[in-house]
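> Here you go, one structure.
The values are calculated or read from the model by the stated rules, or taken from the named source; none is laboratory data. Being a predicted model, the structure only gives us computed values, none of them experimental. Positions of Cβ are generated from backbone atoms using ideal geometry, with glycine treated the same way; all protein chains shown enter the neighbour counts.
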Amino acid sequence: MGILLAFVGYSWTRSFTTPETYLIPSGYRGRVLVIFNQLDGQKPELERGRRIYHIPSSGVLFTQFADEQGFIDQQYYYRTPTGQRQRLGVLNTRSFNEEWTTVKNANEPPRDSLAVFNPGTMGTFGDAQDSRRRVFLELSVGTYNELEHFKEVSTDRLDSLQQAFRKSRR
């Protein structure tokens with residue numbers, strides 16, 4: 001019984017990811033992508049046990065941090081050029097009523113509330129055999145009304161941004 005409890009306890013603690021803080025340029029609106037496992041990406045930075053992600057104005061960050069799966073503890077901030085932080089709230093797109101919504105939310109948030117939407121969405125560009133395979137995390141910053149206008153980031157754009165990032169580091 002003791003071994004079983006130890007295994008369950010170990011499995012439970014392993015299901016949590018390292019806490020994360022996202023620092024987004026003040027006023028940024030759009031999709032944010034964090035591309036993990038990039039040897040030449042932003043060096044890992046920790047602040048009080050939290051991973052720090054400095055999102056550039058492009059909205060795409062290449063990081064040396066490895067991707068993690070599990071329960072998340074994420075905080076999001078607008079960061080001013082002087083380094084001040086303004087906390088951003090999180091909203092779920094399922095909280096909003098649409099014509100197809102079967103169970104209406106009586107407490108629907110205002111559609112013009114600035115927030116982070118769909119945090120923790122993980123994905124992959126490429127398949128397991130692709131040498132340029134990229135694991136990413138995606139979220140959006142804006143209002144519910146703006147979400148449909150945010151453009152997806154193509155692999156061509158990622159390649160272009162990564163080349164520019166590499167040149168800037170030389």
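> Answer yes or no: is there a residue in the stretch 98-108 that is of a type in the set (Ser, Thr, Tyr) and in contact (Cβ under 8 Å) with a residue 12 or more places away in the chain. Spell out the reasoning first.
The first filter runs over the stretch 98-108 and keeps only residues of a type in the set (Ser, Thr, Tyr), leaving 101-102.
Applying the additional criterion that residues be in contact (Cβ under 8 Å) with a residue 12 or more places away in the chain yields none.
Taking every residue of the stretch 98-108 in turn, none turns out to be of a type in the set (Ser, Thr, Tyr) and in contact (Cβ under 8 Å) with a residue 12 or more places away in the chain.
> Among all residue pairs at least 6 apart or on different chains, which show Cβ distances below 8 Å where the first residue, located in the stretch 24-38, is crowded, with 18+ Cβ neighbours inside 10 Å and the second is of a type in the set (Asp, Glu) and in a loop (DSSP other than H, G, I, E, B)?
Pairs found: ARG31/GLU152; PHE36/ASP67.
> Would you pick out the residues in the stretch 85-108 that are assigned to a loop (DSSP other than H, G, I, E, B), in contact with a Phe, Trp or Tyr (Cβ under 9 Å, 6 or more places away or on another chain) and of a type outside the set (A, V, I, L, M, F, W, C)? Talk me through it step by step, then tell me what you get.
Looking only at the stretch 85-108, we keep the residues that are assigned to a loop (DSSP other than H, G, I, E, B), and these are 88-89, 92, 96-108.
If we keep only those that are in contact with a Phe, Trp or Tyr (Cβ under 9 Å, 6 or more places away or on another chain) as well, we get 88-89, 92, 96, 105, 108.
Passing the criteria: GLY89, ASN92, ASN105, GLU108.
> Related question: Test THR124 against the stated conditions and say whether it is out of contact with any helix residue (DSSP H, G or I) (no Cβ under 6 Å at 6 or more places or on another chain), over 18 Å from THR21 (Cβ atoms) and of a type in the set (S, T, N, Q).
Working: out of contact with any helix residue (DSSP H, G or I) (no Cβ under 6 Å at 6 or more places or on another chain): yes; over 18 Å from THR21 (Cβ atoms): yes; of a type in the set (S, T, N, Q): yes.
Criteria met by THR124.
> Among the residues of the stretch 72-90, is any more than 28 Å from ARG169 (Cβ to Cβ), touching a residue at least 12 places away in the same chain (Cβ under 8 Å), touching a helix residue (DSSP H, G or I) at 6+ places or on another chain (Cβ under 9 Å) and among the hydrophobic types (A, V, I, L, M, F, W, C)?
Checked against the condition, which is being more than 28 Å from ARG169 (Cβ to Cβ), touching a residue at least 12 places away in the same chain (Cβ under 8 Å), touching a helix residue (DSSP H, G or I) at 6+ places or on another chain (Cβ under 9 Å) and among the hydrophobic types (A, V, I, L, M, F, W, C), the stretch 72-90 yields no hits at all.
> Within the stretch 109-119, take every residue that is free of Cβ contacts under 8 Å to residues at least 40 places away in the same chain and in a strand (DSSP E or B) and give me the one that is farthest from TYR144 (Cα to Cα). Spell out how you get there, then give the answer.
Here is the first cut: in the stretch 109-119, the residues free of Cβ contacts under 8 Å to residues at least 40 places away in the same chain are 109-115, 117-118.
Within this subset, residues satisfying the condition of being in a strand (DSSP E or B) are 115, 117-118.
Numbers: ALA115: 8, PHE117: 8, ASN118: 11 Å.
Step by step, filter the stretch 109-119, then rank; the result is ASN118.
> How many residues does the stretch 62-113 contain that are surrounded by 12 or more Cβ atoms within 10 Å (Cβ to Cβ), at pLDDT 90 or above and among the aliphatic types (A, V, I, L, M)?
Counting residues in the stretch 62-113 that are surrounded by 12 or more Cβ atoms within 10 Å (Cβ to Cβ), at pLDDT 90 or above and among the aliphatic types (A, V, I, L, M) gives 2.
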